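Trainee: Sending over a structure as structure tokens; questions will come in a sec.
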Amino acid sequence: MTHPELVIESSPGLQGVATLSGAKNAVLVIMASLILTGGKNTLYNVPFSHDVLQMIALLESLGAHIKMSRETKTLFIDTSSILSCAVSADIMKKMRASILVMGPLLARFNKAAIALPGGCRLGDRPIDMHLHAFAQMGAEIALEGHYLYAQAKKLHARKFILAYPSVGATENIMMAATLVDGKTTIVNAAIEPEVLDLIAVLKKMGADISLFPAGVIEIVGVKELHPVSHTIIMDRLEAGTLLLAAAVTGGQIALPEGPGHSLEVFLEKLVEMGHIVDVGFDGIGIYFKATQSPRAVSFKTMPYPGFPTDLQAPMMVAQCLADGTSTITETVFENRMLHVQELQKMGAHIQLNGLVAQVKGVDMLFGATLIAPDIRASAALLIAGLAAQGTSTLTGIHHLLRGYNDLSGSLRNLGARITMKTELI
Ligand code: UD1
């Protein structure tokens, strides 16, 4: 059996120009949405992370024909041949985003059968809002063992008032509603850039969707949807992670494609730390120069446009090395502090009280043997290793590969000393 690990050496002063990948959280749901079209679709700027390969396997298991070109970052997805509405437990357990096929399957076939989803260990991560919404639209939902069966004679339009702006629930409701007679309204909908990219794709298909201020989305059902070609938005979370890698190593980088307009709260925190951040006048393109004496800042994760929960772990690394004390509050997921004990191994001073971390900056982190517990924590530990004195090894890198096209490669291009070691165990 092979047991891959990353060996990360201290890499002061990352420098250079980095390109970005397409957004994982956008491409996964957009791939699922193509079920609605029953035709030949093309997606550009696709990041071939392991979760994307998993979604390819899922759609193929339903009957879709898929070709991919890594060179041109393109996926050709023909969903006209989809016949099955059942997703196997084997596929579902590897990726929570599999739940996102439920809305499109219900919309197109009036039925779906899926095993309960897996994915990162970010607490309970219930799917009650998805299921409750489908039930309110008229689907009968039954749980048999680990399998969920949903079936409807006909789905009905209605108004949903979400107790929380869940990204996945908003996306699933929207996709389910596109072909339903009448007007579906979602109040307190998630408005993450990845949700907006899905809306852009659904509109290209011919869906009638309007977005109103304060997170209200209206969907008026249409008779049919058409195949699309679409370029996936750039990954704001990868951009944020690269900026933090430059911040903790005292570097200077440019991201010409960086979506500064969708990272405003995060970028403002970097400025508050003393870093220099310049965003292109149209919101695209980010230039970053690290201060050599960063100040600690406090922050709280929130739904968009607040501070993204997916950047909480890498931002914590920056606070570990800042001057002063930072209070970091995670409000989105109840188990997204698993990186804390790994950072403590490196000499970080962090006191964790539930979902609130008090981080007292230290002068130096030290290389250690680290285990990545989830996707975003894996990126955080990678950049912590670059800032630390000495050598770190990181296992559990399947999480890193699930979430990013080639984050290690992008960091290497900026001067990071990272090597992959495969051990036989
Ligand atoms: C998506 C992203 C993930 C990101 C998150 C928040 C994908 C593939 N993943 O995850 O990277 O961190 O948005 O920006 O796009 N909840 C419920 N019941 C539900 C659904 C959600 O209680 O039915 C809770 C969750 O447990 C969590 C919170 O709502 O505490 C937010 O979850 P949600 O916004 O749905 O995130 P995901 O769509 O899973």
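Trainee: Which of the residues belonging to segment 239-253 are assigned to a helix (DSSP H, G or I) and of a type outside the set (Val, Ile, Thr)?
Mentor: Across segment 239-253, the qualifying residues are 239, 240, 242, 243, 244, 245, 246, 247.
Trainee: Are any residues in segment 369-419 small (Gly, Ala, Ser) and in contact with a Gly (Cβ under 6 Å, 6 or more places away or on another chain), and if so, which ones?
Mentor: Across segment 369-419, the qualifying residues are 372, 388, 390, 392.
Trainee: For segment 47-59, state whether one or more residues are assigned to a loop (DSSP other than H, G, I, E, B), touching a residue at least 12 places away in the same chain (Cβ under 8 Å) and open to solvent by 20 Å² or more (accessible area, probe 1.4 Å).
Mentor: Looking for residues that are assigned to a loop (DSSP other than H, G, I, E, B), touching a residue at least 12 places away in the same chain (Cβ under 8 Å) and open to solvent by 20 Å² or more (accessible area, probe 1.4 Å), one finds none in segment 47-59, hence no.
Trainee: Evaluate the following for residue 269: is it away from the ligand (no atom under 16 Å from the Cβ), touching a residue at least 24 places away in the same chain (Cβ under 8 Å) and more than 20 Å from residue 340 (Cβ to Cβ)?
Mentor: So residue 269 does not fit the description; no.
Results for (1) open to solvent by 60 Å² or more (accessible area, probe 1.4 Å); (2) within 16 Å of the ligand (Cβ to nearest atom); (3) within 30 Å of residue 372 (Cα to Cα); (4) at pLDDT below 90, shown as yes or no for each residue.
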position	(1), (2), (3), (4)
76	yes, no, no, no
81	no, no, no, no
103	no, yes, no, no
107	no, no, no, no
110	no, no, no, no
122	no, yes, yes, yes
127	no, yes, yes, yes
139	no, yes, no, no
153	yes, no, no, no
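Trainee: Another question, if that's okay. Looking at 407, 414 in this structure, which one is within 17 Å of the chain's Cα centre (by Cα) and touching a residue at least 40 places away in the same chain (Cβ under 8 Å)?
Mentor: 407 is the lone residue from the list that is within 17 Å of the chain's Cα centre (by Cα) and touching a residue at least 40 places away in the same chain (Cβ under 8 Å).
Trainee: Say whether the condition of being touching a Ser or Thr at 6+ places or on another chain (Cβ under 8 Å), open to solvent by 20 Å² or more (accessible area, probe 1.4 Å) and under 20 Å from residue 407 (Cα atoms) is met by at least one residue in segment 331-352.
Mentor: no
Trainee: Here's a follow-up. Going by the conditions given, is residue 332 over 23 Å from residue 251 (Cβ atoms) and in contact with a Pro (Cβ under 9 Å, 6 or more places away or on another chain)? Explain how you work it out, then say what you get.
Mentor: Numbers: over 23 Å from residue 251 (Cβ atoms): yes; in contact with a Pro (Cβ under 9 Å, 6 or more places away or on another chain): yes.
Against the criterion (over 23 Å from residue 251 (Cβ atoms) and in contact with a Pro (Cβ under 9 Å, 6 or more places away or on another chain)), residue 332 qualifies.
Trainee: On the given criteria, is residue 271 out of contact with any helix residue (DSSP H, G or I) (no Cβ under 6 Å at 6 or more places or on another chain), among the hydrophobic types (A, V, I, L, M, F, W, C) and surrounded by fewer than 16 Cβ atoms within 10 Å (Cβ to Cβ)?
Mentor: So residue 271 fits the description; yes.
Trainee: Would you confirm, using the coordinates I've provided, whether residue 316 is closer than 28 Å to residue 260 by Cα, outside the structural domain of residue 188 (by TED's automatic domain parsing) and not hydroxyl-bearing (Ser, Thr, Tyr)?
Mentor: Against the criterion (closer than 28 Å to residue 260 by Cα, outside the structural domain of residue 188 (by TED's automatic domain parsing) and not hydroxyl-bearing (Ser, Thr, Tyr)), residue 316 qualifies.
Trainee: Can you name the residue in segment 165-214 that is small (Gly, Ala, Ser) and surrounded by fewer than 21 Cβ atoms within 10 Å (Cβ to Cβ) and, of all such residues, is nearest to the ligand (Cβ to nearest atom)?
Mentor: Only one residue fits best here, namely 200.
Trainee: OK, next. Has segment 222-238 got at least one residue that is assigned to a helix (DSSP H, G or I), open to solvent by less than 10 Å² (accessible area, probe 1.4 Å) and of a type outside the set (Gly, Ala, Ser)?
Mentor: Yes, the conditions are met somewhere in segment 222-238.
The values are calculated or read from the model by the stated rules, or taken from the named source; none is laboratory data. Being a predicted model, the structure only gives us computed values, none of them experimental. Because the Cβ atoms are built from the backbone with ideal geometry, glycine has one as well, and the counts that use them run over all protein chains shown. Accessible surface areas use protein heavy atoms only, side chains included; no ligands, DNA or RNA. Shrake-Rupley method; radii C 1.70, N 1.55, O 1.52, S 1.80 Å.
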